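Chemist: Submitted below is the structure of interest, expressed as structure tokens.
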Amino acid sequence: MIRERTHVDLDKLIQDRIRDVADYPKPGVVFKDITPLLADHVAFAGVVDSIVNHHGRGTVDKIVGIEARGFILAAPVAYHFGAGFVPVRKKGKLPSRAYEETYDLEYGTETIEMHVDAFGPGERVLIVDDVLATGGTARAAAELVRRAGGEVVGISVLMELSFLHGRDRLGNLDVHSLVTV
């Protein structure tokens, strides 16, 4: 039996699989819950494939995933690239010597860390996260990559919250977002 291929509107599929949760984690914040997207094989695979296709295989050496939802997206992207995976974690979660960077969130401040030996000199690094909001997390991750000796070749996110102007805080970094709201 021959199966007919059907075209999937990835943008619509992604938007349909992200649910808004009001007043989480604080009153006034609308949290973008990606768990329905992750539970949908077609949507999840489409996100991973889209990130890989945008950058092209052979263009990166390491993928950085930002805690915690960025890990979920970054690990399969690293696998498809044939690249290593480097976690960026909240302060105090890494077992070895780490660089740290503090930044502002839309509802507070946070500090993230990355091991000092995460990269060899000049390794090409793609940063992957779920949401680009104010740009603070992505900017801090890019700074950590630079301090550890890597070269940031781009940032890929599932969703960009354009009304928060996070892209403006990232200078000339190549920012790729699958969905912009």
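Chemist: What lysines sit close enough to K93 to cross-link, taking a C-alpha to C-alpha distance under 21 Å and skipping anything fewer than 8 places away on the same chain?
Modeler: Result set, ordered by chain and number: K62.
Chemist: Cross-link partners among aspartates and glutamates for K12, C-alpha distance below 19 Å, same-chain residues fewer than 8 apart left out?
Modeler: Leaving aside aspartates and glutamates fewer than 8 places away in the same chain, those within reach of K12 are D20, D33, D40, D49, D130, E160.
Chemist: Of all beta bridges DSSP finds with both residues in the chain, what is the antiparallel percent, to the nearest 5?
Modeler: Looking only at bridges with both residues in the chain, the antiparallel portion is about 40 percent.
Chemist: Something else about it: Tally Lys/Arg at +1 and Asp/Glu at -1 over every other residue whose Cβ is under 12 Å from the Cβ of I72; what's the total?
Modeler: With Lys, Arg at +1 and Asp, Glu at -1, the net is -2.
Chemist: Need one number: % antiparallel among DSSP beta bridges in the range 48-147, to the nearest 5.
Modeler: Details: 10 of 19 bridges.
For the range 48-147, the DSSP antiparallel bridge percentage is about 55.
Chemist: Take the solvent-accessible surface of the protein heavy atoms, probe 1.4 Å, and return the percent of it on the chain that carbon and sulfur atoms account for.
Modeler: Values: 4690 of 9500 Å².
Ligands and nucleic acids excluded, carbon and sulfur give 49 percent.
Chemist: What relative contact order, as a whole-number percentage, does the range 1-104 give when Cα pairs under 8 Å and 6 or more residues apart are counted?
Modeler: 17 percent
Chemist: Continuing with this model, one more query. What accessible area per residue comes out for the range 60-181, rounded to a whole number of Å², with a 1.4 Å probe?
Modeler: I get 43 Å² per residue for this part.
Chemist: Could you name the aspartates and glutamates whose alpha carbon sits less than 12 Å from that of K90, not counting residues in the same chain fewer than 8 places away?
Modeler: Qualifying aspartates and glutamates at Cα under 12 Å: E67, E100, E101, E110, E113.
Chemist: Next question, about the same structure. Give a quick list of trypsin sites (Lys or Arg not before Pro) in the range 94-181 that DSSP marks as loop, anything other than H, G, I, E or B, with at most 12 other Cβ atoms within 10 Å.
Modeler: Passing sites in the range 94-181 are R97.
Chemist: Here is a further query. Treating the beta-carbon of each Lys and Arg as +1 and of each Asp and Glu as -1, no other charges, what is the dipole magnitude of the chain about its Cα centre, to the nearest 20 debye?
Modeler: 300 debye
Chemist: Equivalent ellipsoid semi-axes for the chain, as square roots of 5 times the alpha carbon gyration tensor eigenvalues: give them largest first, rounded to whole Å.
Modeler: So the three semi-axes of the chain are 26, 22, 14 Å.
Chemist: Another question, if that's okay. Calculate the tail of P(r) for the range 99-181: the fraction of all Cα-Cα distances greater than 14 Å, expressed in %.
Modeler: Result: 60 percent of Cα pairs exceed 14 Å.
Chemist: Given the protein chains as shown and a 1.4 Å probe, how many square angstrom of F85 are accessible, to the nearest 10?
Modeler: 80 Å²
Chemist: In sequence order, what are the phi-derived ³J(HN,Hα) couplings for the range 95-101 according to the Karplus relation 6.51 cos²θ - 1.76 cosθ + 1.60 with θ = phi - 60°, rounded to whole Hz, with x for glycine and proline?
Modeler: Each residue's phi maps through the Karplus curve to give x, 10, 4, 9, 7, 10, 9 Hz.
Chemist: Over all alpha-carbon pairs in the range 8-73, figure out the percentage whose distance exceeds 21 Å.
Modeler: Result: 35 percent of Cα pairs exceed 21 Å.
The values are calculated or read from the model by the stated rules, or taken from the named source; none is laboratory data. Quantities reported herein were computed from a predicted structural model and do not represent experimental measurements. Note: ideal-geometry Cβ built from the backbone for every residue, glycine included; neighbour counts use all protein chains shown. Accessible surface is based on the protein model in full, side chains and every heavy atom, while ligands, DNA and RNA are left aside. Shrake-Rupley method; radii C 1.70, N 1.55, O 1.52, S 1.80 Å.
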